[in-house]
1. Equivalent-ellipsoid semi-axes (√(5λ), Cα gyration tensor) for the stretch A:1-129, whole Å, largest first?
2. Counting only helical runs of four or more DSSP H residues, what would the 222 nm mean residue ellipticity of chain A come to if each run contributes -39,500 (n - 2.57) and the total is spread over all its residues?
3. What is the set of long-range amide H partners of A:W44 at a cut-off below 5 Å, with H atoms built 1.01 Å from backbone N?
4. Quick one: angle between helix A:14-40 and the longest Cα principal axis of chain A, in degrees between 0 and 90, rounded to 10, please.
5. Mind checking the stretch A:14-123 for chymotrypsin sites (Phe, Trp or Tyr not before Pro) that DSSP puts in a loop (not H, G, I, E or B) and that have at most 10 other Cβ atoms within 10 Å?
6. Using θ = phi - 60° and the Karplus relation 6.51 cos²θ - 1.76 cosθ + 1.60, list the HN-Hα couplings for the stretch A:148-157 in order, rounded to whole Hz, with x at every Gly or Pro.
7. Given the options A:V126, A:V41, A:V138, state which has the largest fluctuation in a GNM of chain A using a 10 Å cut-off (strictly under) for Cα springs.
8. Each residue of the stretch B:27-35 in order: what ³J(HN,Hα) in whole Hz does its phi give by Karplus 6.51 cos²θ - 1.76 cosθ + 1.60, θ = phi - 60°, with x for Gly and Pro?
Amino acid sequence: MAKRYLDVLNGPRHETAMRIFMFIVLAHWGEHLLQGLQIYVLGWPVPEARGILGYFFPVLISSEALHYGYAVVMVIGLWALRPGFTEIAERRWWTVALAIQFFHHIEHFLLLGQRVLGYNLFDRPVPTSIAQLWIPRVELHLFYNTIVFLPMVVAMYFHMFPPARAGRPACTCAWDRKVSPAAV
Amino acid sequence: MGAHNLIRVAISLFVVLLVGVSSLGWVWVGTHLSPAQALAGRVVLTAGIVAAGAAVSMLWRWNPGSGNNSPHGRPN
């Protein structure tokens, strides 16, 4: 049943699934970009710069749950929608995004674990992930999100404008959505 | 302007926004963090900006329908 669901998700429903997925990705970007503006432009202290959701529901940010939840959704989305990327280049870049996001998700898993267990690694006063040993958290996750998003959007662009091939109908994600005359 | 160009412009504008925020961060870390943390922050922010430039370059170098520089490899 899961396989059938994935077949639908990567077949007739690929475009719909991609639109929903990109909405989530862009909403998450909105949060991080707003956090950046809160810190870098408005001069808010870092603990108070929590984006939009965190502004109204601070516990979502401090509990690490929202961060981890989003990271997992990203990994699942990248993995589940990967089969729909059938051309070499678009699949390559989508896979790059998946690999990086998997590591990013592990970092958030470590943060969530420390918050849940009430024990911080490396004798730090706050939950700390591996790369965070050296790199400040806000800038680190701005970087993670950037290097996941960029290959993802490159893959999506290639997917929206695939090469026309005889006998190979394009996914409905393709802008032209035309079937090659040879396939008719 | 074709659809593919409109999409590329939209993506490029968003990337410009990312680069802008990263640049603001680049300045901010220098005045608010310790030298070591500022350096580390600047390294990753710079890496992100370079990656953004590479991605936008990749998008604009490829024109759909131009078989010669298609990133999808040779047609079957």
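1. They are 31, 18, 13 Å, listed from largest to smallest.
2. Per the formula, -20500 deg cm²/dmol.
3. A:I39
4. 30 degrees
5. Answer by residue number: A:Y119.
6. After applying 6.51 cos²θ - 1.76 cosθ + 1.60, I find 8, 5, 4, x, 4, 6, 5, 4, 5, 5 Hz.
7. Taking springs between Cα atoms under 10 Å, the residue moving most is A:V41.
8. Whole-Hz 3J(HN,Hα) from phi for the stretch B:27-35: 6, 4, 4, x, 10, 10, 10, 5, x.
Each value in this text was obtained by applying a stated rule to the coordinates, not by laboratory testing. All values derive from a computational prediction rather than experimental measurement. So basically every Cβ, Gly included, is an ideal-geometry build from the backbone, and we count neighbours across all protein chains shown.
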